[in-house]
Amino acid sequence: MKKIISIILTVLLTFSIISVCAEEEITFYISPYGSDYNDGTYDKPFHTLYRARQAVRWQKERGAVSAGGFNIVLKSGRYFLDSALYLDSKDSGINFTGEEGAVITGALSFDKNKFQTLSEDDTNYSRIKSDLRDKIKWVSLESLNRLDEPNEVNEMHSEMSDYIVSKDNIRLKSARYPNDTMLRVDNVYKSGSQNDTEFIIGYTDENISSWLKPNEVYFEGFGDVLWKYQKIRIGSIDTVNKKITSGGTKLYSGIQIDADIWFSNVLEELDSEDEQYTDRTQKRLYFYSDENTENISISVSKQPFLKIFNTKNISFSNIIFENTRSSAVIINGGSEISFDNCTFYNIGGTALNIRKSYKCGIKNSNITSIGSGGIRFSDCGKKYNLRKSYNFVTNNEICDFSWNIPTYSPAVWVDGIGDTISHNTIHESFHAGIIFYGNDNEISYNEIYNVLTETEDAGAIYTYGDGSSRGNVIENNFIHHLGNGKKGFLNTGLFGVYFDNFNGGQIVRNNIFYDMPCAIHINSGGDNTIENNVFSEVDIPIFAHSYDSHPSTDMWNGYLKLYKDETVWLARYPELADIPDPTEPIKTYRGNVIKNNIFSLSGSIGTDFIGLSGSTLINNTQTDDEIFTDKSNFDFSFLLSFSNFNPIDISSCGIIQ
């Protein structure tokens, strides 16, 4: 009888817990000063995210249901994380929230009491410039078991960076030569292309002859064109014959005369306040310091902070993620995973890498000092039936997002169906701002500037594909000051919007393009609509390769293979029913419409060759008059009115405060 009564009481207690939990939130707290032996309350917080996650899982296993979700609150402070927090289907419904000043970090920090002064018995003393020796300090990295060598990059992409070193929270670059410019290759003995495993180049700069450990030095730059970044270790420097030989890793592309390059990890070139050098042998970190320097830190984490797989309904808000050499967050198979009012800083890979996911994204956040791109969506949605993924990047500032891999590391990379990139301010990058693939994506109300600073054959908004990638809308964006002041048609071009390789069926409308070499490039695609845009101080407003005809197999290859017989595709894109025999030559620009645009203080629209390409031009206006009130103070209200044109208001572009 006692046993039966005990069971009844246990059941009643369990239902009582569930009833309470159904009405109230369940919240656990963590603190850098807490303990995982505590109970997770506000006054007795846990110490780690892992323990708080486990507490939620135990609640769920007991049958607890929380109407307000399960909350994990990070109290103010720094949380060191060098291994990923895994979240899966057992963790759905958790809200992670940070109190002000909650930071997840993968860095070790040294205050100025740990700084060491350079002395003559230091084996590196003679390698440092004599007039700077009193300004160079170092800290010991003996606490680290092993220091990795810098990563080589020969395929233009990497999810891992070298160690990230910061001085008073400002990222430092590896000591390099030259400091802020590039060298031009003036002699190539062996290109490193095709079957070559090494390159050999000549040099004339005597600084290079002074480098005492050339096998520590890395070549960085662009072999043949400015959109193929590479980073390769140097093997040797022949100071007699003035030749540099690479270390054997094959280049992504060969190197040619006039290629733009620089060298990094060169202790002899540690001569700037924004540089550092990591000695892997002595385990010392050298840096330029003065009396105002308070702190130096080095990222040691090689793992994402979060790995989220096959789960849903998880949110993160008001948390700072900083200093991992990897990507910060990996999401695979997620649904409704969101980040709000977060900061991502000093991330070696991407801030968010999201794959095969739906309704996931980031809003109201700051993403800066990112090595290999801000947010990357891949394989989202279902292309065969155009099922939308509804991912989003909304109302964020994204800047300095390609310091590790300068090319093809955009602020946003989207490969999905029906995703939204809106109200973002995107700036400061060597290469593209947004790269998109897929269908029916919306790129709207963004401000993009100071990108494409040193590259070529690239677009602030760029896509590359065949005739199956279509229906994307680029509207109400303010794109300005591209190309770092470059003018005219440079090599293969710098563009505001670039549809590459037969890409067609896109819409560009209600945008303002201001101060750039070229605004829109349509490379061989058809069925694009360019409507109601303003081009102001643009050297070449719209450019197109002047193919009169071209075999259309490449243009339609993806569509012909996968989608032509799908009813949903023909309903969404009825123009695809009229595809000619793909083996027959056609005008690849067929169906392009350029209408109701204004070209102010800009170059010619190029009506002759655009007309030859099969495009239609309707009601476009070219004027040598200024049409805006005061561009120098960013007053883009219209001075003039035009028939068949709807004025554009840029006040809604970029971040909404």
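Annotation note: Cβ proximity below 7 Å between a residue of the range 296-320 that is within 21 Å of ASN364 (Cα to Cα) and among the small types (Gly, Ala, Ser) and a residue that is open to solvent by 60 Å² or more (accessible area, probe 1.4 Å) and not in a strand (DSSP E or B) (sequence gap 6+ or interchain) occurs for SER317/ASN341.
Scanning the range 191-240 for residues that are touching a strand residue (DSSP E or B) at 6+ places or on another chain (Cβ under 8 Å) and without any contact (Cβ under 8 Å) to a residue 12 or more places away in the chain turns up just one, ASP238. Each residue in the range 436-471 was checked for being of a type in the set (Gly, Ala, Ser) and either more than 30 Å from ARG387 (Cβ to Cβ) or open to solvent by 30 Å² or more (accessible area, probe 1.4 Å) (or both), and 1 of them qualify. For ILE474, the conditions (1) surrounded by 23 or more Cβ atoms within 10 Å (Cβ to Cβ); (2) at pLDDT below 95 are fulfilled apart from (2). Filtering SER389, SER372, SER357 for residues that are touching a Gly at 6+ places or on another chain (Cβ under 7 Å), within 14 Å of ILE308 (Cβ to Cβ) and of a type outside the set (A, V, I, L, M, F, W, C) leaves a single hit, SER357.
Do we have any residue at all in the range 461-481 that's free of Cβ contacts under 8 Å to residues at least 24 places away in the same chain, out of contact with any Lys or Arg (no Cβ under 7 Å at 6 or more places or on another chain) and on the phi > 0 side of the Ramachandran plot? There is no residue in the range 461-481 that is free of Cβ contacts under 8 Å to residues at least 24 places away in the same chain, out of contact with any Lys or Arg (no Cβ under 7 Å at 6 or more places or on another chain) and on the phi > 0 side of the Ramachandran plot. Six or more apart or on different chains, Cβ under 6 Å: which pairs go from a residue in the range 509-529 that's of a type in the set (Phe, Trp, Tyr) to one that's open to solvent by less than 10 Å² (accessible area, probe 1.4 Å) and at pLDDT 90 or above? Could you list them? Pairs that qualify, where the first residue is of a type in the set (Phe, Trp, Tyr) and the partner is open to solvent by less than 10 Å² (accessible area, probe 1.4 Å) and at pLDDT 90 or above, are PHE513/ILE479; PHE513/GLY496; PHE513/ALA519; PHE513/PHE535; PHE513/VAL538; TYR514/HIS480; TYR514/SER536. Counting only residues that are part of a loop (DSSP other than H, G, I, E, B) and without any contact (Cβ under 8 Å) to a residue 40 or more places away in the chain, the range 36-74 holds 12 of them. When the residues of the range 163-221 are filtered to those that are hydroxyl-bearing (Ser, Thr, Tyr) and in contact with a helix residue (DSSP H, G or I) (Cβ under 8 Å, 6 or more places away or on another chain), the one that is surrounded by the most Cβ atoms within 10 Å (Cβ to Cβ) is TYR177. Residues in the range 524-543 that are farther than 12 Å from VAL593 by Cα and open to solvent by 10 Å² or more (accessible area, probe 1.4 Å): GLU537, ASP539, ILE540, PHE543.
Per-residue answers, yes or no, for (1) within 29 Å of the chain's Cα centre (by Cα); (2) in a loop (DSSP other than H, G, I, E, B):
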{"residue": "ASP134", "(1), (2)": "no, yes"}
{"residue": "LYS137", "(1), (2)": "no, no"}
{"residue": "SER143", "(1), (2)": "no, yes"}
{"residue": "GLU149", "(1), (2)": "yes, yes"}
{"residue": "GLU159", "(1), (2)": "yes, yes"}
{"residue": "TYR163", "(1), (2)": "yes, yes"}
{"residue": "TYR189", "(1), (2)": "no, no"}
{"residue": "THR197", "(1), (2)": "no, yes"}
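For the range 58-83, a tally of residues being surrounded by fewer than 17 Cβ atoms within 10 Å (Cβ to Cβ), in contact with a Lys or Arg (Cβ under 9 Å, 6 or more places away or on another chain) and closer than 23 Å to GLN303 by Cα returns 1. In this structure, LYS250 does not qualify as modelled with pLDDT of 95 or more, of a type in the set (D, E, K, R) and more than 24 Å from LEU147 (Cβ to Cβ).
Restricting attention to the range 256-263, does a residue exist that is touching a helix residue (DSSP H, G or I) at 6+ places or on another chain (Cβ under 9 Å), open to solvent by 30 Å² or more (accessible area, probe 1.4 Å) and touching a residue at least 12 places away in the same chain (Cβ under 8 Å)? Write out each step before concluding.
As a first pass, look at the range 256-263 and keep what is touching a helix residue (DSSP H, G or I) at 6+ places or on another chain (Cβ under 9 Å): 263.
Adding the requirement that they be open to solvent by 30 Å² or more (accessible area, probe 1.4 Å) leaves none.
Within the range 256-263 (the criterion being touching a helix residue (DSSP H, G or I) at 6+ places or on another chain (Cβ under 9 Å), open to solvent by 30 Å² or more (accessible area, probe 1.4 Å) and touching a residue at least 12 places away in the same chain (Cβ under 8 Å)), the answer is no, since none of the residues qualifies.
When the test is whether a residue is under 30 Å from PHE339 (Cβ atoms) and open to solvent by 20 Å² or more (accessible area, probe 1.4 Å), LYS112 does not pass it. Taken together, the residues in the range 362-413 that are free of Cβ contacts under 8 Å to residues at least 40 places away in the same chain, closer than 13 Å to PHE430 by Cα and of a type in the set (Ser, Thr, Tyr) amount to 1. Restricted to the range 84-123, the set of strands (runs of 3 or more DSSP E) holding at least 3 residues that are among the hydrophobic types (A, V, I, L, M, F, W, C), farther than 20 Å from ILE72 by Cα and modelled with pLDDT of 95 or more comprises 107-111. For the range 341-357, residues that are surrounded by 22 or more Cβ atoms within 10 Å (Cβ to Cβ) and not hydrophobic (A, V, I, L, M, F, W, C) total 7.
The values are calculated or read from the model by the stated rules, or taken from the named source; none is laboratory data. Being a predicted model, the structure only gives us computed values, none of them experimental. All Cβ positions, even for glycine, are placed from backbone atoms using ideal geometry, and neighbour counts span all protein chains on display. In case anyone asks, the SASA skips ligands and DNA or RNA and just uses the protein heavy atoms, side chains included. Shrake-Rupley method; radii C 1.70, N 1.55, O 1.52, S 1.80 Å.
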